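Just below is one structure, and these are the notes that go with it.
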Amino acid sequence: MMKIIKAKDYKDMSRKAANILSAQVILKPDSVLGLATGSTPIGMYKQLIDWYRKGDIDFSKVSTFNLDEYVGLDDSHPQSYRKFMQDNFFNDVNINSDNIYIPNGIANNYDCECRNYENRIALAGGIDLQVLGIGHNGHIGFNEPKEHFERDTHIVCLKYETRKANSRFFGKLDDVPRHAISMGMGIIMKAKRIILLASGERKAEILHKSMYGKIDPYVPASILQLHPDITVVADENALQSDGI
Ligand code: PGA
C-alpha cells in the first residue's frame, strides 16, 4: 500500500519532500540518492540548499544517481539534465563531484553506457532513496508507456507527448531530442525507499490511475504499487481525484 503525504500546495510539498530526503541523509550520511529532474523537484532542491547553507545538512558523503539524460546533449547544453542538476542543486551543496552520476548523453557506445550505469549503482550498494516525478502519460524517469515494463537501463524513443511537454524548455518541438537514456524499472523498483512527488491539477488524473488503477505498462508508474516502501508526496490539487 502506498503511503500518502498530502501537502497544501507546491511549497509545502517541496518542504515535506526535502524533510524526507534530509532525514535520510542525517540517518545515513553516505546515502545513495536517486535523483530526478523536471519542474516538480526544483522546490525540494531549493529547500535542501537552504538547509545546507544553514548548516543543517551535510552531503559530503552522499552519492547520487540521476534517472535519465537526453541522448545527444552534452554537459554544457542548457537543457541537458547534467546542466539542470548543476544549476538547480549540485553547484550549491557539498556533494563530492566524484560521487555524482548522470547517464552520459554523448556516450560512444550506449549499450555499454547503460550497462556501466547499472553496474555503478550496484557497486554503490543500490539506491537508498529514489525521488521520482511523474509524467502526464505516467512515465517515471523516461520509462515511457509501452507493451512491457523495461527492466534494464536503456535507450528510450521519447513519445510525442513527452517531447511536446518538454518543448517548453527548448523553444520548439524540433529541438527536443528524440531519444534518452533512462534508468530501467528494475533499478527503480530495487530502491529501498521511493518518494513520488506530484503537484497541481494537471497531474491528478494520472496520479490517481497510477496509485489505484491496474498495474499496466501503459501506465509505467502503476508498477510502484508493488514497491514495499513508497510514499507519495503530493499537494491537494494533485490529490483531488483521491477523495482523501
Ligand atoms: P515535471 O515532469 O516535473 O516537469 O512535470 C515530470 C516528468 O516528466 O517526469
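The values are calculated or read from the model by the stated rules, or taken from the named source; none is laboratory data. This structure is a prediction, so every number in the text was calculated from the model and none was measured. Because the Cβ atoms are built from the backbone with ideal geometry, glycine has one as well, and the counts that use them run over all protein chains shown. These accessible areas exclude ligands, DNA and RNA; they are computed on the full protein's heavy atoms, side chains included. Shrake-Rupley method; radii C 1.70, N 1.55, O 1.52, S 1.80 Å.
So which residues in region 1-21 are within 16 Å of the ligand (Cβ to nearest atom) and surrounded by fewer than 18 Cβ atoms within 10 Å (Cβ to Cβ), if there are any at all?
9, 11
Which residues, taken from region 147-181, are touching a Ser or Thr at 6+ places or on another chain (Cβ under 7 Å), closer than 21 Å to residue 77 by Cβ and not β-branched (Val, Ile, Thr)?
Passing the criteria: only 173.
Taking the criterion of being in a helix (DSSP H, G or I), out of contact with any Lys or Arg (no Cβ under 6 Å at 6 or more places or on another chain), acidic (Asp, Glu) and within 16 Å of the ligand (Cβ to nearest atom), would at least one residue in region 168-180 satisfy it?
no
Among the residues in region 57-64, are any touching a helix residue (DSSP H, G or I) at 6+ places or on another chain (Cβ under 8 Å), modelled with pLDDT of 95 or more and hydroxyl-bearing (Ser, Thr, Tyr)?
yes
Is it true that residue 24 is of a type outside the set (A, V, I, L, M, F, W, C), open to solvent by less than 40 Å² (accessible area, probe 1.4 Å), within 20 Å of residue 189 (Cβ to Cβ) and modelled with pLDDT of 95 or more?
For residue 24, the condition - of a type outside the set (A, V, I, L, M, F, W, C), open to solvent by less than 40 Å² (accessible area, probe 1.4 Å), within 20 Å of residue 189 (Cβ to Cβ) and modelled with pLDDT of 95 or more - is met.
Within region 184-208, can you find the residues that are away from the ligand (no atom under 15 Å from the Cβ) and of a type in the set (Lys, Arg)?
Within region 184-208, 190, 192, 193 meet the criteria.
Could we say that residue 76 is more than 16 Å from the ligand (Cβ to nearest atom), of a type in the set (Ser, Thr, Tyr), at negative phi and surrounded by fewer than 17 Cβ atoms within 10 Å (Cβ to Cβ) here?
Taking the combined requirement at face value, the residue satisfies it.
When the residues of region 122-155 are filtered to those that are without any contact (Cβ under 8 Å) to a residue 60 or more places away in the chain and open to solvent by less than 30 Å² (accessible area, probe 1.4 Å), which remaining residue is farthest from residue 30 (Cα to Cα)?
154
Out of everything in region 52-73 that is open to solvent by 30 Å² or more (accessible area, probe 1.4 Å) and out of contact with any Gly (no Cβ under 8 Å at 6 or more places or on another chain), what residue ends up being nearest to the ligand (Cβ to nearest atom)?
52
Do you know which residues across region 79-97 are among the hydroxyl-bearing types (Ser, Thr, Tyr) and open to solvent by 60 Å² or more (accessible area, probe 1.4 Å)?
Scanning region 79-97 gives a single hit, 97.
Residue 164 is checked against (1) away from the ligand (no atom under 14 Å from the Cβ); (2) more than 17 Å from the chain's Cα centre (by Cα) and fails just one. What number does that condition carry?
Failed condition: (1).
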